[in-house]
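Just below is one structure, and these are the notes that go with it.
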Amino acid sequence: MADSKKKNNDKELSYAELVARRDELKQKYMELRFKMIVSHVDNPMEKRNMRREIARLNTFITQKAAAQKAESSEGKK
């Protein structure tokens, strides 16, 4: 239930905030991958969840970029 609220909050972030959050998650994902190779990880499903969250953020970033492009092209008409 808490995840659905988190997903909705991500949708409301600005483009720059989305990119920053995605970059932060990518860094954590790389650290988790390294940790999984070197030692034991308590929750291996965390890797999948992070990958999905990164993909979700990429979707929001693409949507924001398309919306900004559409607004700028409407302003030129």
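Table for the structure above
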item	result
Tabulated pairs, the stretch 50-66, first within 13 Å of residue 20 (Cα to Cα), second open to solvent by less than 70 Å² (accessible area, probe 1.4 Å) and of a type in the set (Val, Ile, Thr), C-beta under 8 angstrom, 6+ apart or interchain	61/19
Search result, residues across the stretch 34-58 that are surrounded by 13 or more Cβ atoms within 10 Å (Cβ to Cβ) and polar (S, T, N, Q)	58
Condition check for residue 48: part of a helix (DSSP H, G or I), touching a helix residue (DSSP H, G or I) at 6+ places or on another chain (Cβ under 9 Å) and among the basic types (Lys, Arg)	no
Close pairs (8 angstrom Cβ cut-off, 6 or more residues apart or separate chains): part of a helix (DSSP H, G or I) in the stretch 24-38, surrounded by 13 or more Cβ atoms within 10 Å (Cβ to Cβ) and among the β-branched types (Val, Ile, Thr) anywhere	25/54; 26/54; 29/54; 32/41; 35/41
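The values are calculated or read from the model by the stated rules, or taken from the named source; none is laboratory data. From a predicted model like this one, the values you see are computed outputs, not experimental measurements. Glycine also receives a Cβ, built like all others from the backbone with ideal geometry; neighbour counts cover every protein chain displayed. Note: areas computed on protein heavy atoms with side chains; ligands, DNA, RNA excluded. Shrake-Rupley method; radii C 1.70, N 1.55, O 1.52, S 1.80 Å.
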